[in-house]
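Report on the structure given below.
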């Protein structure tokens with residue numbers, strides 16, 4: 001049986017992650033307009049994963065392919081994503097997605113605004129505290 005203090009810490013961590021997620025979503029709405037948190041996340045994934053397709057995004061985010069298809073269509077309609085021809089040697093594998101110049105600029109602008117907001121929130125933290133926080137988050141987010 002787990003130690004009661006550990007269980008309390010796990011509950012508190014869960015609550016804090018939920019609050020963090022809510023605040024990030026809210027901040028994204030304010031700072032990244034017109035990008036939603038989902039749009040921002042998809043643009044980041046496409047930028048960081050050259051050669052990605054909608055089916056790859058669906059797998060990475062554990063989403064239904066039709067949901068991703070609608071989101072990609074919206075990003076394409078906004079002029080932020082382009083659908084490139086797929087590799088002729090891989091028929092039926094879907095179109096490769098890439099950011100347009102406007103998509104790259106919008107993503108960079110949104111990321112800069114988010115990072116500035118984070119800098120402000122961490123302004124009173126020491127360099128060691130920021131490093132420890134970054135290290136702990138990276139460890140937590142490492143897939144099992």
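Values quoted throughout were computed directly from the atomic coordinates according to the rules given, and no laboratory measurement underlies them. Because the structure is predicted, anything quoted here is derived from the model rather than measured. Backbone-built Cβ (ideal geometry, glycine too); neighbour counts: all protein chains shown.
Where [x] 33, 20, 14; [y] 23, 19, 13; [z] 31, 17, 13 are the candidate values, the label of the one calculated here for semi-axes √(5λ) of the Cα gyration tensor in Å is [x]. Among 130, 72, the ranking by other beta carbons within 10 Å of each residue's beta carbon, starting with the fewest, stands as 130, 72. Taking the alpha-carbon centroid of each part, what is the distance from the range 105-144 to the range 34-81 in angstrom? Centre-to-centre (Cα) distance: 22 Å.
For the pair residue 134 and residue 21 in one chain, pulling the backbone fully straight at 0.36 nm per residue adds 39.1 nm over the alpha carbon distance.
For the residues 134, 112, 60, a GNM of the chain with alpha-carbon springs under 10 Å puts the largest fluctuation on 134. For the chain, modelled as a GNM whose springs connect Cα atoms under 10 angstrom apart, the maximal fluctuation among 63, 99, 43 occurs at 63.
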